[in-house]
Amino acid sequence: MLFSIMPIGLDPMFIKMLADPGDQPDWFGTSSAEMAEMRVAASRARASGSAGPEHIDVDIHGHITRETYDRVKARLDAAPFARAINIDIDSHGGFVLPSVDLFVVIDRHPAERKVARLRQCASGAALVAMAADIRIAAPGCEILLHPSTMALVDDGRRYTAEDLEHSADLMRQVDADILSVVAQRTGADRAVLAAEAATEVPADLAWCRAHRIIHEIETAR
């Protein structure tokens, strides 16, 4: 339901793991028990004064690419015990796997408070925002949920109907699984989210707040 996908051949397992997290270490590389241990270690490091920065700021600006993920991950890795993360999002989305990876790496950080401030938050950026505990939208912010798209590149390959059908099935699975993630994170009805995504237009901020896509709308200055 979000993102651009290119080219054909993306493995849907990375998306499926989000919709049904379970307790299997293979999915995120860290089980829930290991996550609990990470939080205990972070608490101990903070108590001992060896935790490093208390707060860190990360930004998701522009088109989401692998470079976006690498930059944000490096920032988080440099402050593994930070108590709070402030996430500034001003993006119209980007590619699916970097967006998924950003969600995962922010979600897995043991910070006690994660706040996302949204200036523009469309497509893949909307999934990244779901990793935050609190989401605050600026007045005029455009929040867009929409079906996935694919850019077919002229790479010299001849695609069969079977190739295209496989890609269509993958895109439907991406759409369904990401809807499940948003529903889990917001408590919103999945069917309501699907209907909104099908409109292909930014959602009204009051609607977003009512369905907990966001928690607050900043007062206009």
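The values are calculated or read from the model by the stated rules, or taken from the named source; none is laboratory data. Owing to the predicted nature of the structure, the values given are computational and were not obtained by experimental measurement. All Cβ positions, even for glycine, are placed from backbone atoms using ideal geometry, and neighbour counts span all protein chains on display.
Brief remarks on what is shown
- Qualifying residue in region 95-102 (condition: touching a Lys or Arg at 6+ places or on another chain (Cβ under 6 Å), at pLDDT below 95 and under 19 Å from Arg209 (Cα atoms)): no
- Where Leu205 falls short, out of the listed (1) modelled with pLDDT under 90; (2) farther than 30 Å from Ala36 by Cβ: (1)
- Restricted to region 82-108, and to residues there that are more than 13 Å from the chain's Cα centre (by Cα) and buried (at least 21 other Cβ atoms within 10 Å of the Cβ), the residue that is nearest to Val128 (Cα to Cα) is Ile85.
- Those residues of region 153-190 which are part of a helix (DSSP H, G or I) and among the basic types (Lys, Arg), in sequence order: Arg172, Arg185, Arg190
- Checking Pro147 against (1) free of Cβ contacts under 8 Å to residues at least 40 places away in the same chain; (2) under 22 Å from Ala197 (Cα atoms); (3) surrounded by fewer than 19 Cβ atoms within 10 Å (Cβ to Cβ), the condition it does not meet: (1)
- Taking the criterion of being outside any loop (DSSP other than H, G, I, E, B), among the charged types (D, E, K, R) and within 14 Å of His109 (Cβ to Cβ), the residues of region 75-91 that qualify are Arg75, Asp77.
- Test: residue in region 132-143 that is under 20 Å from Thr65 (Cα atoms) and either in contact with a Ser or Thr (Cβ under 7 Å, 6 or more places away or on another chain) or among the aliphatic types (A, V, I, L, M) (or both): yes
- Within region 172-189, residues that are under 23 Å from Ala210 (Cβ atoms) have Cβ atoms under 7 Å from residues that are among the hydrophobic types (A, V, I, L, M, F, W, C) and surrounded by fewer than 18 Cβ atoms within 10 Å (Cβ to Cβ) in these pairs: Leu179/Ala194; Ser180/Ala19; Val181/Ala19, counting only partners at least 6 apart in sequence or on another chain.
- Residue match in region 112-130 (condition: in a loop (DSSP other than H, G, I, E, B), closer than 30 Å to Met38 by Cα and not hydrophobic (A, V, I, L, M, F, W, C)): yes
- A single member of Ala188, Ala206 is surrounded by fewer than 16 Cβ atoms within 10 Å (Cβ to Cβ), among the small types (Gly, Ala, Ser) and within 21 Å of Val115 (Cα to Cα), and it is Ala206.
- Ala126 falls short of the stated requirement of being crowded, with 17+ Cβ neighbours inside 10 Å, in contact (Cβ under 8 Å) with a residue 12 or more places away in the chain, among the small types (Gly, Ala, Ser) and closer than 30 Å to Ala45 by Cα.
- Tallying residues that are of a type outside the set (Val, Ile, Thr) and part of a loop (DSSP other than H, G, I, E, B) within region 191-221 yields 10.
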